[in-house]
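The values are calculated or read from the model by the stated rules, or taken from the named source; none is laboratory data. Predicted, not measured: the structure shown is a model, and the values here were computed from it. Please note: Cβ atoms are built from the backbone with ideal geometry, for glycine as well, and neighbour counts cover all protein chains shown. Protein only, heavy atoms only, side chains kept; ligands, DNA and RNA dropped before computing areas. Shrake-Rupley method; radii C 1.70, N 1.55, O 1.52, S 1.80 Å.
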Amino acid sequence: HTHAIALIEGLQAALDAKSPTSHTHAIALIQGLQAALDAKSPTSHTHAISEISGLQAALDNKTSASPGAWQELPLASGWSLYATGFASPQCRKLVGDLIEIKGVIKKSTALVTNEIIATLPIGYRPLEIMLVTTFASGGTSRLQIEPNGAIKLLSGNSGGVGLGFIFGLN
């Protein structure tokens, strides 16, 4: 059911006391508004890095979001690139503390158990001994990466050892 405004006691007077929804006020008519606006920065303002306390130090401690450049991975005596067209032995830093190794190598003479096949440069060496399994001619190879940078072939085939793996520095 419905009621006319006149039938509801005091409704018309209450409505008459209200402002229309489309009304506006000048800034000067609202107490303290101009002072509050004057204390704000424009939305288009900028700051130099040096003006923000600790920002440069925080940025300096960040790691690049893109991988570093590939660096040659020095091979031990008797080891060489597997064949023309295969990836050469290289390493690079990825995001954070990740290191990526690539390449395919071979040895011209018989393997010796636990022999060093390559040495990682300083800055690319893990804090602890790491074990990885990679592909090899006729199967897989088991490699050990040591804190001194030595990459040792623990088992596998000297005919072709794949160096495609990623590990963390710590």
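Observations
- Solvent exposure of segment 12-170 amounts to 64 Å² per residue of accessible area, where only protein heavy atoms count and the probe is 1.4 Å.
- The count of lysine pairs in segment 1-160 whose Cα atoms are under 14 Å apart, excluding pairs fewer than 8 places apart on the same chain, comes to 4.
- Among L94, L15, L120, the residue with the largest mean-square fluctuation in a Gaussian network model of the chain, with springs joining Cα atoms closer than 10 Å, is L15.
- Here Cα extents along the principal axes in Å was computed from the coordinates, and among (i) 108, 53, 32; (ii) 40, 39, 25; (iii) 54, 46, 28 the match is (i).
- Proximity of backbone amide H atoms, modeled 1.01 Å from N, is registered between Y124 and no other residue at under 5 Å, excluding neighbours fewer than 5 places apart on the same chain.
- Each residue, R92 and A26, gets one label point 7 Å from its Cα in the Cβ direction; the gap between the two is 6.5 nm.
- Carbon plus sulfur fraction of accessible area for the chain, probe 1.4 Å, in percent: 57
- The heavy atoms of R142 present about 110 square angstrom of accessible area, all protein chains included, probe 1.4 Å.
- Built amide H within the under 5 Å cut-off of E115, gap 5+: L153
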